[in-house]
Amino acid sequence: MFLAWKEIVRNKGRFSLVVIMMVLISYLVYFLMGLAYGLASSYTNGITKWGADGIVLTKDANDNAMMSLVTDTSFGEISAETKARFGLLPVVAKESEDNKTNVYLLGQESGTFLWDSLPDITLGTYDVIADSSLVKAGYEVGSSVSIVGFDEPLVIKAFVEKATYQTVPLLYMDLDTWKEVRFGNTSTPLSSAVALKGSVSSVPDTLKSYTLNEYFNVLPGYGAQVATFTLMISFLIVIASFILGVFIYVLTLQKTSLFGVMKAQGISSGYLAGSVLSQTLMLTLSGSLLGFGLTALSVAFIGGKLPFAYNLWFNLAITGAFTIFSIIGALFSVRAVLKIDPVKAI
Amino acid sequence: MNTLLEAKQITKDFLQKEEIVHALQETSFAGFPGQFVAIIGPSGSGKSTFLTIIGGLQKPSTGEIILEGRPYSRLDGKNRSRIRFEKIGFILQSASLIPFLTVREQLYLYDRIKKRPHDEKRIEELSERLGVKKLLNKLPNQLSGGEKQRAAILKALYPNPSVVLADEPTAALDGARSREVMELLKNETNREGKLTIMVTHDERFLGLCDRVCKIEDGVLTDVKIAR
């Protein structure tokens, strides 16, 4: 530790170059991670709120909830611990000619677990709970929302954070209200899909059951987007660690004769190898810590304009991956240190 | 007087391009505390081989080195390294010092590895005697050649080893500086009761040595023994 630290302190120039490189790459990685996670959650967070374990659509819907219509009879034939119907409908909320917003109407069967995480307020027939992003579009509690193609204005009773589906804000409403918008009456025995919680024993042949993850992965664009970000992030981590590994390796080779002398003086290979490793760790951790700080700073400045979301575990995983890969890179140097023959020093 | 370091019939052979080179013929040697020994001889005569074997940097082909009554040349690299660390101080031609540590930190490094407290009193006394007290907080590249070698002596002596091995310690110095370094080595050897074995080309100051050995074609002979 002592040796590694002193070398860094006495060679600030060359080591700060490495740290700057680590900072820039880790900044990019943390930032991408936040964006990727934010974007991915804006696809799903409106319905992950439910705490459901699975979704059931009709087979003919081709994985698309918008195209699915589950009959009440089929719903009755689903045997699961807990089940609840819901309806999804993309509509345009029109405030004025210049202020139109795409929203999803999400009609939820009343009295079911779907409502558990939403504010506990009584909703009248045309009342909705809306995603807080609508505040930016000029809506507030008590505002009425005009839906293109539906005569009755809807009234926002409350806002909730992070209530989007496929990046579009949701309006939560009673399933009967939804049916009125969708079918023009409340008696049609159809809903879009069914959310399940707990164990599922069987679903009728005309329906298809998905776990929540399976369902998200068939959302258009979701899987491809997650895969793209994952690939970019993992490659960046490996590349950064590799560059750091090469740098440390070159420094180690430069110090071959010095390490030879130190070995002659009886300093163990283990101590020298430990010194190389701890130096790698110092550079990696300081680089990624600063990168993380920069990310936090950037988010503070541009927050809200981008779908950015923190996830402590993902950030820890990235830091862990940086650490592990740079240790692997440093192992080449450790091998070089172990091979140095002290006889050569004399 | 007790033998401090003994080489018993050691030899060293190398295989070089499928040819056996006898770097060191059968050699025996006994060194005592307080003795300042010079080993002279032409280049390639086996001087450095002898030094690296008694320093435990490599094993002899046959024979044994006994340090403070304990055989040690047959131990594995790790144990020899540990014994070097505790019992043997090395002074090299140049570059005995770590470039990014101050003179004082070079000494502290030893304490840190040994996990023992710093011995400020010894640092004070030794650096005073070696004339490097004012240089303790300087980095090696801020020192002149003579100062570097004096700092290297300080570094070698600080852990209080029983044997000091020096490889051409004056090779990079002019006459006045060489004499200074030689005198310091001699004084410390006698004063602290170390055995100092120095390989050198420099025959100008052999008068300072208690004993001079010559190695030629891998054979060691005594040239001069005082006392």
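When the residues of the range A:225-270 are filtered to those that are aromatic (Phe, Trp, Tyr) and surrounded by 14 or more Cβ atoms within 10 Å (Cβ to Cβ), the one that is farthest from the other protein chains (Cβ to nearest Cβ) is A:Phe229.
Pairs linking a residue in the range B:33-47 that is farther than 14 Å from B:Thr200 by Cβ to a residue that is of a type in the set (Asp, Glu) and buried (at least 22 other Cβ atoms within 10 Å of the Cβ), with Cβ atoms under 9 Å and 6 or more positions apart or on different chains, do not occur.
Hey, could you check the range B:57-75 for residues that are among the polar types (S, T, N, Q) and more than 8 Å from chain A (Cβ to nearest Cβ) and say which is nearest to B:Leu173 (Cα to Cα)? Per the stated criteria, the residue is B:Ser73. Of the numbered criteria (1) in contact (Cβ under 8 Å) with a residue 40 or more places away in the chain; (2) away from chain A (no Cβ under 14 Å), the one B:Leu15 fails is (1).
Those residues that are assigned to a helix (DSSP H, G or I) and free of Cβ contacts under 8 Å to residues at least 24 places away in the same chain, I need them from the range A:290-323; list them, please. Within the range A:290-323, A:Gly293, A:Ala296, A:Leu297, A:Ala300, A:Phe301, A:Ile302, A:Leu312, A:Trp313, A:Leu316, A:Ala317, A:Gly320 meet the criteria. Exactly one of these conditions fails for B:Lys78: (1) facing another protein chain (nearest Cβ under 10 Å); (2) touching an Asp or Glu at 6+ places or on another chain (Cβ under 9 Å); (3) not β-branched (Val, Ile, Thr). Give me its number. B:Lys78 satisfies all of (1) facing another protein chain (nearest Cβ under 10 Å); (2) touching an Asp or Glu at 6+ places or on another chain (Cβ under 9 Å); (3) not β-branched (Val, Ile, Thr) except (2). Identification of strands (runs of 3 or more DSSP E) wholly contained in the range B:111-227 with 1 or more residues that are among the hydrophobic types (A, V, I, L, M, F, W, C) and under 14 Å from B:Ser96 (Cβ atoms) yields B:163-167, B:195-199. Of the strands (runs of 3 or more DSSP E) contained entirely in the range A:56-147, those carrying at least 1 residues that are among the polar types (S, T, N, Q) fall at A:79-96, A:99-108.
Checking each residue in the range B:93-109 for being free of Cβ contacts under 8 Å to residues at least 24 places away in the same chain and at the interface with chain A (Cβ under 7 Å from one of its Cβ atoms) picks out B:Ala95, B:Glu105, B:Leu109. The residue of the range A:324-346 that is modelled with the lowest pLDDT, among those that are within 14 Å of another protein chain (Cβ to nearest Cβ) and part of a helix (DSSP H, G or I), is A:Ala345.
Scanning the range A:171-198 for residues that are farther than 13 Å from A:Phe86 by Cα and either surrounded by 23 or more Cβ atoms within 10 Å (Cβ to Cβ) or not assigned by TED's automatic domain parsing to the domain that holds A:Trp115 (or both) yields nothing.
The values are calculated or read from the model by the stated rules, or taken from the named source; none is laboratory data. Quick caveat, the model's predicted, so the values are computed rather than measured. Here the Cβ is made from the backbone with ideal geometry for all residues, glycine too, and neighbour counts use every protein chain on show.
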